[in-house]
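What follows is a short report on a single structure.
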Amino acid sequence: MEWENVDFELDVAELNARWSDPENIDSWGQLVIKHTQDSVELITSAPKSGIWRMGDDGTLNYVRMQTHRRTVENEREAFFLRIARPGDYKYEGADLGILITPGRLMTEEFLLNDRARAWTSGILAQFQSRPINPAESEAAVQVAEVGNFKMM
């Protein structure tokens, strides 16, 4: 609003009081899933945005299209927002998607817990890609250098 020259007032004390009230604190975890390998590939298939469910064996299944995380019912479900789509390049550091689920995803030592690792592995397994050919390499390098954030 500041950059749009809109007058506004912000009561910092009121805002802090709201967020420090235990009734307003939820226990949701968020993972930004990235491509971490030193490679550039063309994405040929990518998981859909929406609600996903993890089975007892760790496999993920797409449940339904959804645009809001609050429809997730338990820690076996997550809302996934796809960022990279088929036709995009994945390169080291590229954002592939964001996963939001109830419950903690980190240990007290601030490391990913087993559930976070299972969700990450399961989502990454949904992405299919192929190596780029020489004709595509120039375009892929330009995309990797720009590294812009886009939502699909």
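Derivation of every value follows stated rules applied to the coordinates shown; laboratory data play no part. In this text the structure is predicted, and so the values were computed from the model without any measurement. Note that we place each Cβ from the backbone using ideal geometry, even for glycine, and neighbour counts take in every protein chain shown.
Data table
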{"quantity": "Alpha-carbon Rg with Dmax, taken over the chain, Å", "calculated": "18.7, 57"}
{"quantity": "Fewest-first ranking of Thr101, Thr120, using other Cβ atoms within 10 Å as the exposure measure", "calculated": "Thr120, Thr101"}
{"quantity": "Between the range 27-70 and the range 80-99, the Cα center-to-center distance that results, in Å", "calculated": "10"}
{"quantity": "Ordering of 35-41, 58-64 by burial proxy (mean other Cβ atoms within 10 Å per residue, highest first)", "calculated": "35-41, 58-64"}
{"quantity": "Distance (nanometres) between label positions extended 7 Å along Cα→Cβ at Arg64 and Ser20", "calculated": "4.0"}
{"quantity": "Under-5 Å amide H pairs with Leu96, H placed in peptide plane, nonlocal only", "calculated": "Ile33, Lys34, His35"}
{"quantity": "Principal axes of the range 51-104: Cα extent on each, largest first, Å", "calculated": "32, 26, 22"}
{"quantity": "Full-stretch length increase - Ala118, Asn5 - with 0.36 nm per residue and alpha-carbon distance subtracted", "calculated": "36.1 nm"}
{"quantity": "Descending semi-axes in Å of the range 1-83, equivalent ellipsoid built from Cα gyration tensor", "calculated": "34, 22, 13"}
{"quantity": "Charge sum, other residues only, whose C-beta stays under 9 Å from Arg115's C-beta, Lys/Arg counted +1 and Asp/Glu -1", "calculated": "0"}
